[in-house]
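The values are calculated or read from the model by the stated rules, or taken from the named source; none is laboratory data. What you are looking at is a predicted structure, and each value in this text was computed from that prediction instead of being measured. Here the Cβ positions follow ideal geometry from the backbone for every residue, glycine too, while neighbour counts run over all protein chains shown.
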Amino acid sequence: MSESKAIVYLFTDDGMGTTSDQALQYELTATFLRLQTESGLLPRAICFYTDGVRLVCEGSPVLSELQTLEQLGVRLVACGTCLNAFGLEGRLRAGIVGGMGDIVTAMQTADSVITLS
């Protein structure tokens, strides 16, 4: 993994783009994640909170891409409070359950934080 600077991505929504077309949001998200893998410049972490936690749970259409990034060493952190709020406890299939403290630490120690919505 080539790392020129520490980037942390934040997913705060269940897909990328402000559109009512959920399939398009998932397609954009899958493509973005695949390109991250192919680029060789992997982020340090990807954090998920609010509706974003749905992306790392059972049934997510981008789970395969996220699991590949995790296998390559990208830290995936899902907000435990959000998982509980949506009744998704026990359905996490990529990453770890963390708290807001973990997300804040990832952000504070990054060179760049980019929110994807």
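For the residues LEU69, LEU88, the requirement of being over 15 Å from LEU116 (Cα atoms) and not in a helix (DSSP H, G or I) singles out LEU88. Scanning region 13-70 for residues that are under 16 Å from CYS82 (Cα atoms) and of a type in the set (D, E, K, R) turns up ASP13, ASP14, ASP51, ARG54, GLU58.
Can you confirm whether LEU83 is in a helix (DSSP H, G or I) and over 17 Å from LEU35 (Cβ atoms)? Judged against the criteria, LEU83 is a match. The residue that is surrounded by the most Cβ atoms within 10 Å (Cβ to Cβ), counting only those in region 58-98 that are in contact (Cβ under 8 Å) with a residue 24 or more places away in the chain and charged (D, E, K, R), is GLU65.
Taken over region 18-45, the criterion of being at pLDDT 95 or above, not in a helix (DSSP H, G or I) and not aliphatic (A, V, I, L, M) is satisfied by PRO43, ARG44.
Among the residues in region 34-45, are any surrounded by fewer than 22 Cβ atoms within 10 Å (Cβ to Cβ) and under 18 Å from GLY101 (Cα atoms)? Yes; the residues of region 34-45 include at least one that is surrounded by fewer than 22 Cβ atoms within 10 Å (Cβ to Cβ) and under 18 Å from GLY101 (Cα atoms).
Only one entry in ALA110, ALA94 is at negative phi, within 12 Å of the chain's Cα centre (by Cα) and part of a loop (DSSP other than H, G, I, E, B), namely ALA94.
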